[in-house]
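Accompanying notes for the structure given below.
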Amino acid sequence: MDVKNICPESSPGLFMDMLAGERSILRKVFGQSKRLQPNKPSTKAQAAVALTSGRISEAIYNELTRLESENVSRQAEMEEMRSELLDRGEIQRFWHEKLNEGRNHGVEVEKHYLSAINELEQEKTVQEKYFADSLKEKAVMDCQRQLLFSLKGEINDLSERLASERRIYVTEQCKLQDMLSDLQSKQVGMLDTKSMLKAEIEALRTLRSWVEDEARKSQARAKVLEELGKRWRWDDQASLPSTSETEK
C-alpha cells in the first residue's frame, strides 16, 4: 500500500478503519485494492459509498428523514393554500384575467398579423413589379444576346472572307513580285540593249559623218575630174584643128 503518501493526521483513522475488516469503509469504497492513490480524485459513486458508510450514515438518514418531513409539510401547506384560493375565487379571477390577457394578446396578434399581411401584400406588389421589370430586362438581354450572336456570325463570315481575300492578296502579291522580278530583269536587258543601240547609233553617226565626208570628198574629186575631163576634151578639140591644118 502507498500509506507513505497519505497525510500523517489521517493515519490513525485509516488504521482504525482497516481494523474493521469487511465493515471497513475503505473495503466498501475501493474493494480489494491495495493502492489508495490519495492524489487521484474520487468518483461520485465512491464519495456516495463513503458518505453512506460508517457513523455518518445515521446522520445522512436523519437528514433525509427531515427533508422528507419538510416536503410533506410543504405539500400540505400548498394544498391548504389551494383550497383557500378556491374558496375565495381568486383562482377563477386569476384565470379570467389570464383569459382576458390572452384575448387582448390575440387581438394585438391579429392586428400585427393583418399589418404583416398588408406589408406582405405591398411587398408582393413590389416583387411582382420587380419580377415584371426583370422579365423585361431578360427579354432585352435575350434580344441583345441574339443580336450579339448574329453579329458574331457576321464577324466570323467577315473574318473568313478577309482570310480568303488575304490569301488571294498574298498570292497576287507573290505573282506581282515574280512579275516585278521579270520586269526588272527585262528592264536590265532593255537597258543593256539600249546602251548597245546607243553605241550602234553613235557608230552609225560616226559612219554617216565619215560617209558624208567621203561623199563630199568624192564629189570634190568628181568635180575636179569633171573639170579635168572638160579641160581634156577642150584640149583635144583644140588640138584637132591644128593637126588637120598641118596635115593639109
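Cβ separations smaller than 7 Å between residues 6+ apart or across chains give no pair from region 152-178 residues that are on the phi < 0 side of the Ramachandran plot to residues that are surrounded by 10 or more Cβ atoms within 10 Å (Cβ to Cβ).
A quick yes/no check of all residues on (1) modelled with pLDDT of 90 or more; (2) of a type in the set (Lys, Arg); (3) surrounded by 10 or more Cβ atoms within 10 Å (Cβ to Cβ); (4) in contact with a Ser or Thr (Cβ under 7 Å, 6 or more places away or on another chain):
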residue: GLU63; (1), (2), (3), (4): no, no, yes, no
residue: ARG82; (1), (2), (3), (4): no, yes, yes, no
residue: GLN92; (1), (2), (3), (4): no, no, yes, no
residue: GLU97; (1), (2), (3), (4): no, no, yes, no
residue: GLY106; (1), (2), (3), (4): no, no, yes, no
residue: ASP133; (1), (2), (3), (4): yes, no, yes, no
residue: CYS143; (1), (2), (3), (4): yes, no, yes, no
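The values are calculated or read from the model by the stated rules, or taken from the named source; none is laboratory data. Remember, predicted model here, so these are calculated numbers, not experimental data. Here Cβ is always computed from backbone atoms with ideal geometry, including for glycine, and neighbour counts include all displayed protein chains.
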